[in-house]
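The values are calculated or read from the model by the stated rules, or taken from the named source; none is laboratory data. Remember, it's a predicted structure, so these values are computed and weren't measured experimentally. Positions of Cβ are generated from backbone atoms using ideal geometry, with glycine treated the same way; all protein chains shown enter the neighbour counts.
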Amino acid sequence: MTLFFRTKMPRDTTADGGIYIGALFFTLTMIMFNGMVEISMTIAKLPVFYKQRDLLFYPAWVYALPIWIIKIPITFVEVAVWVFITYYVIGFDPYVGRLFRQYLLLVLVQQMASALFRTIGAVGRNLIVANTFGTFSLLILFTLGGVVLSRENIKNGGFGVIGYPP
């Protein structure tokens with residue numbers, strides 16, 4: 001918040017747009033890294049899940065659904081704290097409708113990140129492997145998102161549009 005502290009941010013040049021994109025990218029990065037906690041919690045719960053599965057107690061969806069339902073109010077609070085503290089201090093649009101649009105989008109991103117990292121934790125089954133895959137998935141998402149590495153910065157490696165030589 002103090003890094004991008006501007007109560008009224010100018011919107012006239014490309015550099016001003018870069019500041020906006022930087023603030024939005026930092027927000028997105030923080031929300032995505034909040035979901036990475038799910039890896040260790042999922043791996044800690046896996047022995048119970050496998051024991052119940054082997055004894056034919058519950059199907060997998062019964063185990064996964066309460067975790068998702070409990071995570072929804074936590075997501076609303078985490079994102080609300082972030083958005084309501086930083087939105088107007090950074091100097092985004094004063095229209096309150098855009099504040100709530102950003103809030104809704106970040107809630108959805110937080111839910112996606114939690115589901116992604118729960119899946120990575122369940123597939124990885126080992127904390128070291130799952131954290132490696134989680135970090136790699138964040139790297140891929142951020143790199144291909146267009147902010148860190150834009151299309152113009154990628155050199156043509158001698159291949160055409162679909163991967164065939166020109």
Q. Does Tyr88 fit the bill of being under 18 Å from Ala23 (Cβ atoms) and at pLDDT 90 or above?
A. no
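Being at pLDDT 90 or above and within 25 Å of Phe25 (Cβ to Cβ) is true for just one of Ser150, Ser137. Which residue is that?
On the way: Ser150 fails: at pLDDT 90 or above.
From the options Ser150, Ser137, the qualifying one is Ser137.
How many residues does region 108-153 contain that are assigned to a helix (DSSP H, G or I) and either under 13 Å from the mean Cα position of the chain (by Cα) or surrounded by fewer than 12 Cβ atoms within 10 Å (Cβ to Cβ) (or both)?
26
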Q) Just one of Arg98, Arg53, Arg11 is closer than 29 Å to Thr119 by Cα, among the charged types (D, E, K, R) and free of Cβ contacts under 8 Å to residues at least 40 places away in the same chain; which is it? A) Arg53
Q) How many residues are surrounded by 13 or more Cβ atoms within 10 Å (Cβ to Cβ) and either on the phi > 0 side of the Ramachandran plot or of a type outside the set (Val, Ile, Thr) (or both) if we restrict to region 93-107? A) 6
